[in-house]
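Remarks on the structure that follows.
The values are calculated or read from the model by the stated rules, or taken from the named source; none is laboratory data. Because the structure is a prediction, the values reported are computed rather than measured. Here the Cβ positions follow ideal geometry from the backbone for every residue, glycine too, while neighbour counts run over all protein chains shown.
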Amino acid sequence: MDEETAGAGRTELRRVTVVGTGLIGTSIALALRARDVDVTLTDPDPASLRLACDLGAGRPLDEAGDGAPADVAVIAAPPAVVPAVLRDLQNRGLAQVYTDVASVKASVLEGAERLGCDMATFVPGHPMGGREKHGPGAARADLFLGRSWALCPTGKADPVSVAAVTELARLCGADPLVLEARAHDRAVALVSHAPHVASSAVAARLLSGDATALALAGQGVRDVTRIAGGDPAMWMEILTHNAGPVADVLSEMAADLAATAEALHARSADPAVRDPERTEPPAGAGDGLAPVSDLLARGRSGHGRIPGKHGSVRRPVYTVIPVVIPDEPGALGRLFAAAATAGVNIEDVRIEHTPGLPLGVAELYVLPEAVDTLAEGLSADGWSVHPGV
């Protein structure tokens, strides 16, 4: 089944119930509320439910009153409990169609089949959006904007159910992508699960660093280790449910790293390289470093294949404009307002700030054709702009 088939009969969603008000569930609810969908929420943690409601994500399910089934129920729960929750919700007739957001799919489907769930009304899903933070307080209505949303219906799924969940993904700003469950699990092992383990491996090495080494930590190591800040318990469950595909990717990574380490060890042990009186590189100095060069080249090529904003295969090329910004409340908001007045969309932003100083640098990422317009507009508004730096 392809996306065109899945979306053949677009379904209008009026009411959605979200079961689980963590980061993903609350973000889905906020996105749907922004599209005027009536959202009811439930969660075993009263504090999490209350915060999600206070954020405007919806209203408590037990206060809905009418008892009518929702168009779609979204199960935002860990993969191990999704089948049991699904069976309970179906027994209660909570919705007409059901989906989940767990990051593994094969084990969820197997569990649902084993418990005798109605597979005609169940369309497993996985929105490819997240953050290293968790809980409803970290939720964002735009978390899935331009992201892929995997749908993994079985052959038993009713086309009307698939259409409803496809529309749910679209309402959240995502791009629905239909694929088979095991193909999904292999794909996320490559682009999500194994990278998290690799990030954790880099971050774990920092435990052996002294204060001086950590003081030298720059943006590079922060970028590489950002996702390592995720919840270990949650990731343990994800990894155990997708163990085989993740292990395959990690084995290939380990082989690359082992070959690189071996080449660098050999290089450092070469007497000709370590001769302190030698002023020129020895003949054949590059010999033996082919694994290192190969890995770096393949890494750059692989990075270039990552889709850019809105899922485009060709990554947009942005220009960075540094702008000096005061370290005071509201400064970033004023900067964005000035960019809006200039009619320029800021594609991304990074803030570089030195502790103890009253100023920082906002690095604004814009399309090349917008550079002059933005620089002129910001300068006219009194900002210290440094294009070309």
For this session: Please tell me if Ala169 is free of Cβ contacts under 8 Å to residues at least 60 places away in the same chain, assigned by TED's automatic domain parsing to the domain that holds Glu12 and either more than 14 Å from the chain's Cα centre (by Cα) or buried (at least 24 other Cβ atoms within 10 Å of the Cβ) (or both).
Result: yes
Problem set entry | In the range 359-382, the residues that are surrounded by fewer than 19 Cβ atoms within 10 Å (Cβ to Cβ) and under 16 Å from Ile325 (Cα atoms) | Leu359, Gly360, Val361, Glu363, Tyr365, Ser379, Ala380, Asp381, Gly382
Problem set entry | Search result, residues across the range 121-149 that are crowded, with 21+ Cβ neighbours inside 10 Å and of a type in the set (S, T, N, Q) | Thr121
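Would you check which residues across the range 333-361 are at pLDDT below 90 and of a type in the set (A, V, I, L, M) and list them?
Taking the range 333-361 first, the residues at pLDDT below 90 are 347-361.
Passing the criteria: Val349, Ile351, Leu357, Leu359, Val361.
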Exercise. Within the set of pairs 6 or more residues apart or between chains, which connect a residue that is in the same structural domain as Tyr98 (by TED's automatic domain parsing) and modelled with pLDDT of 95 or more inside the range 147-159 to a residue that is part of a strand (DSSP E or B) and surrounded by fewer than 19 Cβ atoms within 10 Å (Cβ to Cβ) with Cβ atoms less than 9 Å apart?
Worked result: Trp149/Asp175
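May I ask you to say which residue of Val82, Val72 is in contact with a strand residue (DSSP E or B) (Cβ under 6 Å, 6 or more places away or on another chain) and either more than 19 Å from Met234 (Cα to Cα) or polar (S, T, N, Q) (or both)?
Details: Val82 fails: either more than 19 Å from Met234 (Cα to Cα) or polar (S, T, N, Q) (or both).
From the options Val82, Val72, the qualifying one is Val72.
Determine which member of the set Asp118, Asp185 is in contact with a helix residue (DSSP H, G or I) (Cβ under 6 Å, 6 or more places away or on another chain), surrounded by fewer than 16 Cβ atoms within 10 Å (Cβ to Cβ) and modelled with pLDDT of 95 or more. Walk me through how you get there before you give the answer.
Working: Asp185 fails: surrounded by fewer than 16 Cβ atoms within 10 Å (Cβ to Cβ).
From the options Asp118, Asp185, the qualifying one is Asp118.
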For this session: Please report, ordered by residue number, the helices (runs of 4 or more DSSP H) entirely within the range 161-275 with at least 2 residues that are closer than 29 Å to Asp118 by Cα.
Result: 181-188, 232-241, 243-269
Problem set entry | Residue identified as farther than 26 Å from Gly56 by Cα and buried (at least 19 other Cβ atoms within 10 Å of the Cβ) among Val97, Val104 | Val104
